[in-house]
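Student: Okay, here's the structure, questions in a sec.
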Amino acid sequence: MGDNIRVVPDATCTFCGCVCDDMVLTVDLDQKRITKSENACVLGKAWFKEHAIEERPFALVDGREATTEEGVEVAAQILANARFPVVYGLSDTTCEAQRVAVAIADMVGGCLDTTTSVCHGPTGIAFQGGGESTASLGEIKNRADLVVFWGGNPAEAHPRLFTRYAVTAKGMYTPNGRKDRTIVLVDVRRTPSTPVADIFLQVKPRTDFEVLWALRALVKGRKIDPSIEQRTGISLAVLEDLVDRMKRCRYGALLFGMGLTMNRGRHFNAGAILALATDLNEFTHFVAKPVRGHGNVTGADNVVSWQTGFPFGVNFSRGYPRFNPGEFTTVDLLSRGDADAALIIASDPASNFPKAAIEHLKCIPVINLDPKLTHTGRLARVSFTTATYGINVPGTVYRMDDVPITLRPAFDSPYPSDEQVLTSIRDRVRELLGGNRLPAGDPLAGVAVS
Amino acid sequence: MAVMMTLIGGRTSKQGTSLCAGKLGAEYLQVTSTVEMNVEDMARLGLSNDSKVRLRTPVGEVVLRCKGRETKDLPPGLLFMAYGPLSSELMAGDTAASGMPISKNLDVEVEPVVDGAAESGEPHHG
């Protein structure tokens, strides 16, 4: 370690949706790397350790090294000439960058979608059907005496959710921390999260909806046939005991993961758990929250919602935003072969989308922004190296409970931020199109707008 | 002998830490090319830890290394693997008009590999 050391207090980790803002980072400014990250979990420590400055080209165009400016020109030409482009990703960048991405999608009359569509998108759909009994993580820390984790593994995916907010944290009305809470965990398998639970319900795969609906019925005093055990793996007695605990608790929280949304039933599962929380409010205070994954996926929902009125899966082809999951969501756009270009920011669909979608990505011009080389970067026609948000780039991110947090970067990067690259692309596209592209059929379509 | 099982995709600590180092790195590739299987199922199929096994769905197939889990942790008939390029090979693109492809509880055909086939994702597979 060199002598040029800086300590950054109250820094923020943007690895997962917990967005822990109590990091104390020790930074070697000469080597441009973080050498110590106090308070970080195992994921946060890896995040800070592995985001030093790497020697990479500013941009690659058709595999050749290029400047950022050259990359911007090619990217802008691709977007200006595309008829049905999709702008996708955005969960690992700042709200400021997300806002510019929305403007680009609007300008080119394309589709706008975020990683929410393959995360808690079904929960977003369910919100629109039945609403959300919500709370901040601070409220849960201070008040919740019964916490039910459903379809998730926070010990591995959100390690500090337990210690900062929902299990061992000591709060105003939970002064004894763990002793003041009953923890229930529902999953199809035992995970490293299971040992924290007082009660573990191991449900059979694909039966979450049935268990949730049975709980709703029991909360409302209806009879459930004991054969529920053969169907779901959970006995009626266990369900009745859980309902009794839920009704008698002072403040209950249902924290649910992608075991509900990535499963058969999708938004019906999410709607069922949200409805269960609503039902329980006839007896006590109960909330239900999705546990969000990437660092600023919640910011993406917020930015896209306040700019378009919808959280994801938005299309601007008619000159105004329309929302239709299944039609304007990226997996569908790609798997059907609809999109003719893609601008992918801070995500890697080529490593986690279905095979058919990845095959189509290989057939269309892709523009990718990422601090690291990824599978998507490798297949992209234009691949930009950008600075890492939270470590090199300031800005705003939203914690999973919709609380905005300001970033405190640790050291400068020679690479531009996502926001800077996107702003340059937006400005150049505006020059090429002469303003927003007008929808087909509009009397002014094809006429340059000053 | 091929049998049908249910595959759950998910996240793990190792997957999370190794993706920070880079998704093209050896550790990430290793983490995402391992499937966890119930030890009784493994015995029934003549598999041991690090044996190669082929998983097949109507849209694709991959060859993975398997790792045994006790019945109390992973019931018979269930498989678990960390999300990554290989789990994508098994996922269908249909989202039932929701935007969300199914990546948990996939029906997969499981078959021990006896012909010395390379694991999916090994370097010579690109």
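The values are calculated or read from the model by the stated rules, or taken from the named source; none is laboratory data. This structure is a prediction, so every number in the text was calculated from the model and none was measured. Neighbour counts are summed over all protein chains in view; Cβ atoms, including those assigned to glycine, are modelled from backbone coordinates with ideal geometry.
Student: Select from the range A:334-359 the residues that are at pLDDT below 95 and crowded, with 24+ Cβ neighbours inside 10 Å and list them in ascending order.
Tutor: A:Asn352
Student: Now a separate question. I'm trying to understand the selection: among the residues of the range A:294-321, which are more than 14 Å from chain B (Cβ to nearest Cβ) and either free of Cβ contacts under 8 Å to residues at least 24 places away in the same chain or assigned to a loop (DSSP other than H, G, I, E, B) (or both)?
Tutor: A:Asn296, A:Ser305, A:Trp306, A:Gly309, A:Phe316, A:Ser317, A:Arg318, A:Gly319, A:Tyr320, A:Pro321, listed by residue number.
Student: Among the residues in the range A:388-396, are any under 20 Å from A:Gly63 (Cβ atoms) and modelled with pLDDT of 95 or more?
Tutor: no
Student: Same structure, new question: Could we say that A:Pro349 is within 14 Å of chain B (Cβ to nearest Cβ) and in contact with a strand residue (DSSP E or B) (Cβ under 9 Å, 6 or more places away or on another chain) here?
Tutor: yes
Student: Is it the case that A:Glu139 is in contact with a strand residue (DSSP E or B) (Cβ under 8 Å, 6 or more places away or on another chain), touching a residue at least 40 places away in the same chain (Cβ under 8 Å) and part of a helix (DSSP H, G or I)?
Tutor: So A:Glu139 fits the description; yes.
Student: Could you check the range A:356-450 for strands (runs of 3 or more DSSP E) lying wholly inside it with 1 or more residues that are touching a helix residue (DSSP H, G or I) at 6+ places or on another chain (Cβ under 7 Å), of a type outside the set (Asp, Glu) and within 22 Å of A:Ala103 (Cβ to Cβ)? Can you show your working first?
Tutor: Values: elements: A:366-370, A:382-385, A:396-398, A:404-406.
Passing ranges, in order: A:366-370, A:382-385, A:396-398.
Student: Let me ask you something else. Looking at the range A:41-59 only, could you name the residues that are crowded, with 20+ Cβ neighbours inside 10 Å and more than 14 Å from chain B (Cβ to nearest Cβ)?
Tutor: Across the range A:41-59, the qualifying residue is only A:Ala59.
Student: For A:Asn368, are the conditions met, namely being buried (at least 23 other Cβ atoms within 10 Å of the Cβ), modelled with pLDDT under 95 and under 21 Å from A:Ser117 (Cα atoms)?
Tutor: Criteria not met by A:Asn368.
Student: I'm trying to understand the selection: among the residues of the range B:1-51, which are touching a helix residue (DSSP H, G or I) at 6+ places or on another chain (Cβ under 6 Å) and of a type in the set (A, V, I, L, M, F, W, C)?
Tutor: B:Leu19, B:Cys20, B:Val31
Student: If A:Arg83 satisfies all but one of (1) within 14 Å of chain B (Cβ to nearest Cβ); (2) part of a loop (DSSP other than H, G, I, E, B); (3) not β-branched (Val, Ile, Thr), what's the number of the condition it fails?
Tutor: Checking A:Arg83 against (1) within 14 Å of chain B (Cβ to nearest Cβ); (2) part of a loop (DSSP other than H, G, I, E, B); (3) not β-branched (Val, Ile, Thr), the one that fails is (1).
Student: Further question: Which pairs do you get when a residue that is closer than 16 Å to A:Cys20 by Cα, found in the range A:43-65, comes within reach of a residue that is assigned to a loop (DSSP other than H, G, I, E, B), reach meaning Cβ atoms under 6 angstrom, with the pair 6+ apart or on two chains?
Tutor: A:Leu43/A:Phe15; A:Gly44/A:Cys13; A:Gly44/A:Phe15; A:Trp47/A:Phe15
Student: Another question, then. Condition (residue is facing chain B (nearest Cβ under 9 Å) and crowded, with 23+ Cβ neighbours inside 10 Å) applied to the range A:382-398: is it met by at least one residue?
Tutor: No, the range A:382-398 contains no residue that is facing chain B (nearest Cβ under 9 Å) and crowded, with 23+ Cβ neighbours inside 10 Å.
Student: Sticking with this structure for a sec: Would you mention how many residues in the range A:172-213 are assigned to a helix (DSSP H, G or I), more than 11 Å from chain B (Cβ to nearest Cβ) and among the charged types (D, E, K, R)?
Tutor: Of the residues in the range A:172-213, 4 are assigned to a helix (DSSP H, G or I), more than 11 Å from chain B (Cβ to nearest Cβ) and among the charged types (D, E, K, R).
Conditions (1) buried (at least 21 other Cβ atoms within 10 Å of the Cβ); (2) part of a loop (DSSP other than H, G, I, E, B), marked per residue:
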residue: A:Arg231; (1), (2): no, no
residue: A:Gly252; (1), (2): yes, no
residue: A:Leu260; (1), (2): yes, no
residue: A:Ala277; (1), (2): yes, no
residue: A:Phe283; (1), (2): no, yes
residue: A:Lys289; (1), (2): yes, no
residue: A:Arg292; (1), (2): yes, yes
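Student: Here is a further query. Does any residue of the range A:54-73 turn out to be over 30 Å from A:Glu431 (Cβ atoms) and either in contact with a helix residue (DSSP H, G or I) (Cβ under 6 Å, 6 or more places away or on another chain) or at pLDDT below 95 (or both)?
Tutor: Yes; the residues of the range A:54-73 include at least one that is over 30 Å from A:Glu431 (Cβ atoms) and either in contact with a helix residue (DSSP H, G or I) (Cβ under 6 Å, 6 or more places away or on another chain) or at pLDDT below 95 (or both).
Student: Just wondering, is there one or more residues in the range A:17-30 that are part of a strand (DSSP E or B), within 14 Å of chain B (Cβ to nearest Cβ) and at pLDDT 95 or above? Outline the logic, then answer.
Tutor: In the first step, residues of the range A:17-30 are kept if they are part of a strand (DSSP E or B); the result is A:23-28.
With within 14 Å of chain B (Cβ to nearest Cβ) added as a condition, the list becomes none.
No, the range A:17-30 contains no residue that is part of a strand (DSSP E or B), within 14 Å of chain B (Cβ to nearest Cβ) and at pLDDT 95 or above.
Student: Which of the residues that make up the range A:86-131 are on the phi > 0 side of the Ramachandran plot and either surrounded by 24 or more Cβ atoms within 10 Å (Cβ to Cβ) or part of a strand (DSSP E or B) (or both)? Don't jump to the end; show me each part of the working.
Tutor: If we filter the range A:86-131 for residues that are on the phi > 0 side of the Ramachandran plot, which is where we start, we get A:89-90, A:109, A:131.
Those that are on the phi > 0 side of the Ramachandran plot and either surrounded by 24 or more Cβ atoms within 10 Å (Cβ to Cβ) or part of a strand (DSSP E or B) (or both): A:Gly89, A:Leu90.
Student: A further question on this structure: Hand me the list of helices (runs of 4 or more DSSP H) wholly inside the range B:19-113 holding 2 or more residues that are among the acidic types (Asp, Glu) and more than 12 Å from the chain's Cα centre (by Cα).
Tutor: B:39-44
Student: Can I ask one more? Please go through (1) touching an Asp or Glu at 6+ places or on another chain (Cβ under 7 Å); (2) at pLDDT 95 or above; (3) of a type in the set (Gly, Ala, Ser) for A:Gly295 and return the number of the only condition it doesn't satisfy.
Tutor: (2) is the only condition that A:Gly295 fails.
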